[in-house]
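Here is the structure we will look at.
Only the coordinates and a few stated rules stand behind these numbers; no lab work does. Worth saying up front: this structure is predicted, and the values here are computed from it rather than measured. No Cβ is skipped: glycine too gets one built from the backbone with ideal geometry, and neighbour counts run over all protein chains shown.
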Amino acid sequence: MNLSQELKDRNQGMCELCNTNEANQEYTVTPRSGEKNEDMVAICPVCAEKLDKDKEGFYWRCVEGSIWSPEPAVQALSYRILHQYKDEAWADSLLSGIDIDETIVQWALSAFEKQEVHKDAFGNELANGDNVVLTQALNVKGTNFTASKGTVVKRIRLVPDNTGQIEGKINEQTIVILTKFVKKG
């Protein structure tokens, strides 16, 4: 993506990571959308290539300077790069010596988070609106009925903070069902 004038002016046309080469492209620091310049970093072709392919940490010693940038996106990307090399003494030393805002650290580390997903008893990924089949009979607490094995539960909803639970209707009653007792239908 071409470099906007605002990003170009922010670091006098230089790459905001290495501060050596001329910047010619915008790099969006995920998970931000890149709709605002505050979400992007102006980088040079060398840094762009290294971000995608290079796993050798020596090149990235340049972020020893960029981590101190006043721009949150530059700090976040620099921190993310440092975190990748935290097992190397130079990166570990720098990480332990910096004090940046916790929201920037969370932004940087969000790239390493794995989204937890709801899975049925057989490891199939579940989504809101799926139909599932009960793999065993379940006593439904607070009611006077048992949901028999093979019962189809239509249009389930995922419980947001618990990947081991879903919600569904059985006998016109919404209940919480453990994912280990269902099979995606």
Taking H placed 1.01 Å from N in the peptide plane, check which residues at least 5 places from Met14 or on another chain put their amide H under 5 Å from its amide H.
Ala23
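So which GluC sites (Glu not before Pro) in region 123-185 are both in a DSSP loop and have at most 16 other Cβ atoms within 10 Å of their Cβ? Intermediate results must be reported in sequence, preceding the final value.
Values: sites: Glu125, Glu167, Glu172; in loops: Glu172.
Passing sites in region 123-185 are Glu172.
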Quick note, region 1-105: a/c under 1.5 would make it rounded; otherwise a/b > b/c is prolate and the rest oblate (a ≥ b ≥ c, C-alpha gyration tensor); here it is prolate
How far, in nm, would the chain grow between Leu178 and Gln84 when pulled straight, counting 0.36 nm per residue and subtracting the alpha carbon separation?
30.2 nm
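How do His83, His118 rank when sorted from fewest to most other Cβ atoms within 10 Å of their own Cβ?
Numbers: His83 15, His118 21.
Arranged by neighbour count, lowest to highest, His83, His118 become His83, His118.
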Based solely on its DSSP helices, what 222 nm [θ] is calculated for the chain when runs of n ≥ 4 H residues each add -39,500 (n - 2.57) and the sum is averaged over all residues, nearest 500 deg cm²/dmol?
-7000 deg cm²/dmol
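Just how large is the dipole of the chain about the Cα centre, in debye to the nearest 20, putting +1 at every Lys and Arg Cβ and -1 at every Asp and Glu Cβ?
1480 debye
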In region 117-185, the chymotrypsin sites (Phe, Trp or Tyr not before Pro) that fall in loop regions by DSSP, at most 13 other Cβ within 10 Å
Phe122, Phe145
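Loop-only trypsin sites (Lys or Arg not before Pro) in region 67-164, please: DSSP not H, G, I, E or B, and at most 10 other Cβ atoms within 10 Å. Can you show the working numbers first?
Details: sites: Arg80, Lys86, Lys114, Lys119, Lys141, Lys149, Lys154, Arg155, Arg157; in loops: Lys86, Lys114, Lys141, Lys149, Lys154, Arg155.
Answer in residue order: Lys114, Lys141.
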Mind checking which of Leu82, Leu95, Leu158 has the largest fluctuation in a GNM of the chain, springs on alpha carbons under 10 Å?
Leu158
Along Cα→Cβ, 7 Å out, is where each label goes; now give me the distance between the ones at Ser148 and Glu35 in nm to one decimal.
5.1 nm
Listing Tyr85, Tyr79 by rising number of other beta-carbon atoms within 10 angstrom, fewest first, gives Tyr85, Tyr79
Dipole axis of the chain (+1 Lys, Arg; -1 Asp, Glu on Cβ), positive-most option in Thr135, Val63, Leu77
Thr135
So how far, in whole Å, is the C-alpha centre of region 133-185 from the one of region 3-57?
48 Å
Positive-end residue, the chain charge dipole about Cα centroid, Cβ charges, pick of Ile43, Ala147, Ser33
Ala147
Show me, for region 162-174, the HN-Hα J-couplings you get by feeding each phi into the Karplus relation (A = 6.51, B = -1.76, C = 1.60, θ = phi - 60°), rounded to Hz, glycine and proline as x.
9, 6, x, 9, 10, 10, x, 9, 10, 6, 6, 10, 7
Stokes-Einstein D (µm²/s) once Rh is taken as the Kirkwood radius of region 1-58 over alpha-carbon pairs, at 20 °C in 1.002 mPa s
187 µm²/s
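In square nanometres, what is the average projected area of the Cα convex hull of the chain?
Working: hull surface 57.5 nm².
With every direction weighted equally, the projected area is 14.4 nm².
Treating only the Cβ atoms of Lys and Arg (+1) and Asp and Glu (-1) as charged, compute the dipole magnitude of region 78-185 about its Cα centre; round to the nearest 20 debye. Before the final figure, lay out each step's value.
Details: 13 positive and 14 negative charges, 210 e Å.
The dipole of region 78-185 has a size of about 1020 debye.
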Under 24 Å from the Cα of Lys169, which lysines turn up, not counting those fewer than eight places away in the same chain?
Lys119, Lys141, Lys149, Lys154, Lys180, Lys183, Lys184
Given charges at Cβ of Lys, Arg, Asp, Glu: the chain dipole, positive-most of Ala108, Gln12, Leu178
Leu178
Strictly under 4.7 angstrom between C-beta atoms: which cysteines of the chain have no such partner?
Cys47
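Taking the inverse of the average 1/r across all pairs of different Cα atoms in region 132-184, what Kirkwood radius in Å do you get? Let's see the in-between values first.
On the way: mean 1/r = 0.0907 Å⁻¹.
With all distinct Cα pairs of region 132-184 included, I get 11.0 Å.
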